[in-house]
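Undergrad: Below you'll find the structure I mean.
The values are calculated or read from the model by the stated rules, or taken from the named source; none is laboratory data. Since the structure is predicted, the reported quantities are computational estimates derived from the model, not experimental observations. No Cβ is skipped: glycine too gets one built from the backbone with ideal geometry, and neighbour counts run over all protein chains shown. Each accessible area value is taken on the protein alone, full model and side chains, heavy atoms only, with ligands, DNA and RNA left out. Shrake-Rupley method; radii C 1.70, N 1.55, O 1.52, S 1.80 Å.
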Amino acid sequence: MKKLVTSVLVGLVTLNVLAQTVPGRPKLVVGIVVDQMRTDYIEYLQNYFGERGFRKLMKDGVYMRDVDFKVSDLDAASATAMLYTGAYPSKTGVPSALVYNSESKTLTPALADSKTLGNFTNDSYSPERLRLSTISDEIAIDGNGLGQIYALSADPQQSMIMAGHAGTGALWINNTSGNWATTTWYKPMPGQISARNYSSSLASRIDTMQWKPSISLDKMPGIPRQKTVPFKHTFPKSDRNVYIRFANSPLGNREVTDVAIECIKDMNMGNVGTAVDMLNLGYTLAPFKDVKDGDYRAELTDSYLRLDKELGRLFDAIDHYVGASNAMVWVSSTGYYDDAVIDDRKYRVPGGEFSMKRAQSLINSYLSARHGNAGYVEAFKDGHIYFDHKVLEEKNLDVKEVVADAQSFLAKMSGVSDVYTLNDILSPSTPYEECLRLSIDPKTGGDIIVTFNPGWTVVDDLEYPSISHPVRETAVLTPSFILAPGIEPQTISTAVDATALAPTVAGILRIRSPNGSSHKPLPLKK
């Protein structure tokens with residue numbers, strides 16, 4: 001009997017020790033996606049940062065220096081979908097921000113949905129076409145829908161992906177009015193943010209805003225000494241693109257932080273009930289292309305310095321209103337970097353212009369000569385060529401033969417690097433074809449996919465006004481951070497698969513991984 005009592009007491013003591021050493025689940029999860037954030041810039045500038053932003057993440061959290069997305073042609077929408085679903089673009093339903101619509105024969109937003117109505121916007125979006133569950137959805141399901149789950153960013157589609165299907169609200173900055181907007185897919189906009197649209201709207205402030213260097217240019221590392229005139233960007237309301245320019249600047253990041261702190265404070269996030277709340281934020285560190293001389297290094301450096309301060313403000317608010325021991329912060333880059341600009345001809349970098357209109361006309365002429373007169377190409381969009389399959393059926397032509405003819409013809413065009421058919425990609429035989437297989441959704445991809453030589457400029461002159469996109473292949477290290485109670489600070493220098501991040505966050509929270517995620521959680525030190 002004494003042995004039994006002793007065993008019970010030992011068991012109770014053991015359980016009590018475990019209860020003291022195993023941390024409880026965070027009450028608030030903050031997910032942050034920073035578009036085009038680079039590891040080298042963070043490490044290069046770390047001595048210029050304060051103690052509460054990037055340096056806190058590097059010192060106190062899990063610092064992953066090289067997050068590998070393994071796919072091509074990423075943008076903020078497709079990368080965010082990868083991060084939140086733990087799956088590749090070929091599966092998420094968001095292979096890019098714009099996808100081809102066969103009915104309108106145009107590129108349309110991946111999450112456009114005419115069945116919903118906008119609130120403070122005329123745009124209609126929903127996450128219905130996002131095919132997989134997200135980490136936000138799994139948090140909502142785990143909490144029986146009782147938790148608050150919000151997402152804030154300048155981009156509507158990024159906000160919806162972060163909020164997921166089951167989120168409370170996805171909010172973004174309307175690029176025509178500057179108001180914070182949402183959609184009827186979610187619950188009504190919180191009263192605090194609606195009031196902000198009236199009492200402190202961007203429209204009422206935008207004319208007074210300026211972006212100038214936060215420190216002297218001669219103190220900024222890596223800035224050419226001949227560039228001594230400080231930049232100054234203003235945001236006049238008369239500019240029809242003023243809110244887009246604003247959103248692409250550090251001032252847009254500041255606006256997101258301001259609203260995020262309001263949410264944490266006024267909606268008592270992380271302090272109501274037992275369900276986990278989640279706040280998702282979209283920031284940008286993309287090169288600010290709206291510069292006069294094409295050299296945006298000073299602006300980019302200043303963007304990092306300013307975002308460091310925004311992160312510090314956010315972390316201070318989390319500590320004050322929720323408590324560091326009750327919060328988990330997850331930060332990730334989007335895995336790509338678009339620094340393409342058209343170089344001045346004086347540098348004599350090899351290249352040229354590839355006209356999509358001319359290419360489409362030549363393909364149709366070539367195929368007409370071989371198979372009879374017709375308009376074979378339905379559309380040429382974003383490097384994808386779509387054939388008119390009704391024409392092919394009416395002429396009783398073999399689709400594979402026509403596509404192969406066009407492939408061999410395109411491969412000989414100046415500026416073209418490689419030409420792949422959709423069949424090539426679905427049955428990959430090379431590492432790059434495997435990369436394309438993970439990148440392209442067969443439901444929206446073209447019959448032919450064209451890649452172009454670096455140094456060339458692809459001109460989409462099939463639309464008006466025409467759009468020019470310089471081609472540049474830039475591979476950079478992109479980081480991610482996890483700051484959570486019970487997880488030891490550690491630096492991971494080996495490559496981490498981007499699809500492992502969602503299941504890792506789920507593992508820390510002790511919830512299910514998103515339903516399309518097949519990667520195991522990372523074995524983090526605890």
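Undergrad: Could you tell me whether any residue of segment 1-21 is at pLDDT 95 or above and open to solvent by 80 Å² or more (accessible area, probe 1.4 Å)?
TA: no
Undergrad: If you don't mind, there's one more thing I want to ask. Is it true that Ile244 is open to solvent by 10 Å² or more (accessible area, probe 1.4 Å), under 19 Å from Gly147 (Cα atoms) and within 23 Å of the chain's Cα centre (by Cα)? Before the answer, list the steps.
TA: On the way: open to solvent by 10 Å² or more (accessible area, probe 1.4 Å): yes; under 19 Å from Gly147 (Cα atoms): no; within 23 Å of the chain's Cα centre (by Cα): yes.
Answer is no for this residue.
Undergrad: Give all pairs with beta carbons closer than 7 Å in which a residue from segment 303-317 that is in contact (Cβ under 8 Å) with a residue 12 or more places away in the chain and under 16 Å from Ala260 (Cα atoms) meets a residue that is β-branched (Val, Ile, Thr) and crowded, with 20+ Cβ neighbours inside 10 Å; count only pairs at least 6 apart in sequence or on separate chains.
TA: From segment 303-317, the pairs are Glu310/Thr257; Arg313/Thr257; Leu314/Thr257; Ala317/Ile264.
Undergrad: Restricted to segment 95-130, and to residues that are touching a Leu at 6+ places or on another chain (Cβ under 6 Å) and among the hydrophobic types (A, V, I, L, M, F, W, C), which residue is nearest to Asn515 (Cα to Cα)?
TA: Here the answer is Leu98.
Undergrad: Count, please, the residues in segment 114-161 that happen to be surrounded by 24 or more Cβ atoms within 10 Å (Cβ to Cβ), out of contact with any helix residue (DSSP H, G or I) (no Cβ under 6 Å at 6 or more places or on another chain) and among the hydrophobic types (A, V, I, L, M, F, W, C).
TA: Going through segment 114-161 one residue at a time, the tally reaches 2.
Undergrad: Only strands (runs of 3 or more DSSP E) wholly contained in segment 25-107 count here; list those with 2 or more residues that are under 26 Å from Glu488 (Cα atoms) and open to solvent by less than 10 Å² (accessible area, probe 1.4 Å).
TA: 28-35, 62-64
Undergrad: Out of the residues in segment 439-490 that are among the small types (Gly, Ala, Ser), closer than 17 Å to Asp338 by Cβ and out of contact with any strand residue (DSSP E or B) (no Cβ under 6 Å at 6 or more places or on another chain), which is least open to solvent (accessible area, probe 1.4 Å)?
TA: Within segment 439-490, the subset among the small types (Gly, Ala, Ser) is 439, 445-446, 455, 466, 468, 475, 480, 484, 486.
After this cut, where a residue has to be closer than 17 Å to Asp338 by Cβ as well, the list is 439, 455, 468, 475.
If we keep only those that are out of contact with any strand residue (DSSP E or B) (no Cβ under 6 Å at 6 or more places or on another chain) too, we end up with 439, 455, 475.
Numbers: Ser439: 9, Gly455: 36, Ala475: 103 Å².
Selected residue: Ser439.
Undergrad: Oh, and also: Could you please find all residues in segment 162-188 being open to solvent by 20 Å² or more (accessible area, probe 1.4 Å) and of a type in the set (A, V, I, L, M, F, W, C)?
TA: Listed by number, the residues that qualify are Ala166, Trp185.
Undergrad: Could you pull out the residue among Thr182, Thr121, Thr176 that is touching a strand residue (DSSP E or B) at 6+ places or on another chain (Cβ under 7 Å), in a loop (DSSP other than H, G, I, E, B) and touching a residue at least 12 places away in the same chain (Cβ under 8 Å)?
TA: Thr121
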